[in-house]
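Report on the following structure.
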Amino acid sequence: MAKDVKPTRKNLMQIEDRIELSERGHDTLEKKRDGLIMEFMDILDQAQDVRSDLDDSYERAQRAINMARAMEGDVAVRGAAAALKEHPELTTQSKNIMGVVVPQIESSKVSKSLDERGYGVMGTSARIDEAADAYEELLEQIILAAEVETAMKKMLEEIETTKRRVNALEFKLLPDLHDNKEYIEQKLEEQEREEIFRMKKIKAKKEEEEDAIAAEESEAESVDPLTADD
């Protein structure tokens with residue numbers, strides 16, 4: 001790459017400016033990468049807790065629905081489920097974490113009171129109510145898990161992208177720029193030495209010519225005028 005760069009003062013100044021800018025960018029990206037990793041670790045801890053809670057909620061919901069089926073029968077359970085009139089609603093917003101846009105999921109009408117579920121309270125047992133409670137809790141955990149998992153995925157993608165940029169600057173661009181700078185500096189030094197050598201030769205030649213002229217003039221002045229007339 002260095003051989004493609006013309007060894008001029010202008011190019012040297014431009015490369016020095018690029019090195020300075022790239023080093024600042026490298027430092028900024030390193031700080032961003034480290035900050036993203038810290039944020040990711042926090043989200044990862046949250047995700048582990050959410051997954052654990054989700055597993056617990058799923059097991060409770062399964063136990064509750066199995067008990068309801070055993071005590072009330074599948075027909076009663078399906079009838080209670082079909083009576084639901086208002087379904088949960090989800091809205092998505094976004095928040096910014098160190099330049100990374102992650103989703104924020106808001107839910108409504110997930111947890112309901114007994115009279116909001118649509119089935120007759122007198123025609124069902126507490127087992128069905130318990131199953132409904134368990135599945136509403138499970139749905140809330142699923143929504144939270146979806147939000148956290150998506151945020152974690154986006155953060156991880158941004159970390160990988162930032163790491164690639166840091167590595168590209170550290171192991172490719174900056175070494176190439178420093179090689180170019182060194183190449184130009186060496187060439188300019190060679191040109192300067194050649195110019196100094198050339199100027200010394202010109203000066204020496206000029207001095208020789210001046211000495212020769214002075215010698216001729218001195219010799220001419222030393223000639224006897226009478227002798228010259230003869």
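The values are calculated or read from the model by the stated rules, or taken from the named source; none is laboratory data. Not measured: the values here are computed from a predicted model. Counting neighbours? That spans all protein chains shown, and the Cβs are built from the backbone with ideal geometry, glycine included. Just so you know, the surface numbers come from the protein's heavy atoms only, side chains and all, with ligands and any DNA or RNA stripped out. Shrake-Rupley method; radii C 1.70, N 1.55, O 1.52, S 1.80 Å.
Kindly evaluate SER108 against the criterion of being modelled with pLDDT under 85 and open to solvent by 40 Å² or more (accessible area, probe 1.4 Å).
yes
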Fill in: So ALA76, is it surrounded by 13 or more Cβ atoms within 10 Å (Cβ to Cβ), among the aliphatic types (A, V, I, L, M) and without any contact (Cβ under 8 Å) to a residue 12 or more places away in the chain
no
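Give segment 202-228 a look and list any residue that's modelled with pLDDT of 85 or more and either under 60 Å from the mean Cα position of the chain (by Cα) or among the charged types (D, E, K, R) (or both), or say none.
Of segment 202-228, the ones modelled with pLDDT of 85 or more are 202-206.
Matches in segment 202-228: ILE202, LYS203, LYS205, LYS206.
Yes or no: segment 185-201 includes at least one residue that is of a type outside the set (Asp, Glu), in a loop (DSSP other than H, G, I, E, B) and more than 35 Å from the chain's Cα centre (by Cα). Let's see the steps before the verdict.
Of all residues in segment 185-201, those of a type outside the set (Asp, Glu) come to 186-188, 191, 193, 196-201.
Next, only the ones that are in a loop (DSSP other than H, G, I, E, B) stay: none.
No, the conditions are met nowhere in segment 185-201.
Only one of VAL50, VAL100, VAL75, VAL110 is among the hydrophobic types (A, V, I, L, M, F, W, C) and under 15 Å from LYS154 (Cβ atoms); which? Show your work before the answer.
Working: VAL50 fails: under 15 Å from LYS154 (Cβ atoms); VAL75 fails: under 15 Å from LYS154 (Cβ atoms); VAL110 fails: under 15 Å from LYS154 (Cβ atoms).
Being among the hydrophobic types (A, V, I, L, M, F, W, C) and under 15 Å from LYS154 (Cβ atoms) holds for just one of VAL50, VAL100, VAL75, VAL110, which is VAL100.
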Worksheet item: Out of curiosity, is GLN48 at negative phi, of a type in the set (S, T, N, Q), open to solvent by 40 Å² or more (accessible area, probe 1.4 Å) and free of Cβ contacts under 8 Å to residues at least 12 places away in the same chain?
Response: yes
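Given the criteria loosely packed, with under 15 Cβ neighbours inside 10 Å, modelled with pLDDT of 90 or more and among the polar types (S, T, N, Q), does SER94 qualify? Quick ask: steps written out before the conclusion?
Numbers: loosely packed, with under 15 Cβ neighbours inside 10 Å: yes; modelled with pLDDT of 90 or more: no; among the polar types (S, T, N, Q): yes.
Considered against the rule, which asks whether it is loosely packed, with under 15 Cβ neighbours inside 10 Å, modelled with pLDDT of 90 or more and among the polar types (S, T, N, Q), SER94 comes out as no.
Starting from residues that are open to solvent by less than 40 Å² (accessible area, probe 1.4 Å) and at pLDDT 90 or above, keep the ones in segment 132-145 and report whichever is nearest to the chain's Cα centre (by Cα). Before the answer, list the steps.
Going through segment 132-145, the residues open to solvent by less than 40 Å² (accessible area, probe 1.4 Å) turn out to be 132, 134, 136, 138, 141, 143, 145.
Next cut, at pLDDT 90 or above only: 134, 138, 141, 143, 145.
Details: ALA134: 41, LEU138: 35, GLN141: 30, ILE143: 28, ALA145: 25 Å.
Step by step, filter segment 132-145, then rank; the result is ALA145.
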Worksheet item: What are the residue pairs meeting all of these: first residue in segment 159-183, first residue closer than 16 Å to LYS31 by Cα and touching a residue at least 24 places away in the same chain (Cβ under 8 Å), second residue among the aromatic types (Phe, Trp, Tyr) and assigned to a helix (DSSP H, G or I), Cβ atoms under 9 Å, and 6 or more apart or on different chains?
Response: ILE159/PHE40
Practice prompt. Could you tell me whether LYS154 is at pLDDT below 95 and surrounded by fewer than 14 Cβ atoms within 10 Å (Cβ to Cβ)?
Written response: no
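Is it true that VAL102 is touching a His at 6+ places or on another chain (Cβ under 7 Å), open to solvent by less than 60 Å² (accessible area, probe 1.4 Å) and closer than 23 Å to LEU44 by Cβ?
Numbers: touching a His at 6+ places or on another chain (Cβ under 7 Å): no; open to solvent by less than 60 Å² (accessible area, probe 1.4 Å): yes; closer than 23 Å to LEU44 by Cβ: yes.
Against the criterion (touching a His at 6+ places or on another chain (Cβ under 7 Å), open to solvent by less than 60 Å² (accessible area, probe 1.4 Å) and closer than 23 Å to LEU44 by Cβ), VAL102 does not qualify.
Take LEU84 and tell me if it is outside any helix (DSSP H, G or I), surrounded by 12 or more Cβ atoms within 10 Å (Cβ to Cβ), over 19 Å from the mean Cα position of the chain (by Cα) and not small (Gly, Ala, Ser).
Numbers: outside any helix (DSSP H, G or I): yes; surrounded by 12 or more Cβ atoms within 10 Å (Cβ to Cβ): yes; over 19 Å from the mean Cα position of the chain (by Cα): yes; not small (Gly, Ala, Ser): yes.
When the stated conditions are applied, LEU84 passes them.
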Worksheet, complete the sentence: When every residue in segment 4-27 that is more than 13 Å from HIS178 (Cα to Cα) and at pLDDT below 95 is compared, the one surrounded by the most Cβ atoms within 10 Å (Cβ to Cβ) is PRO7
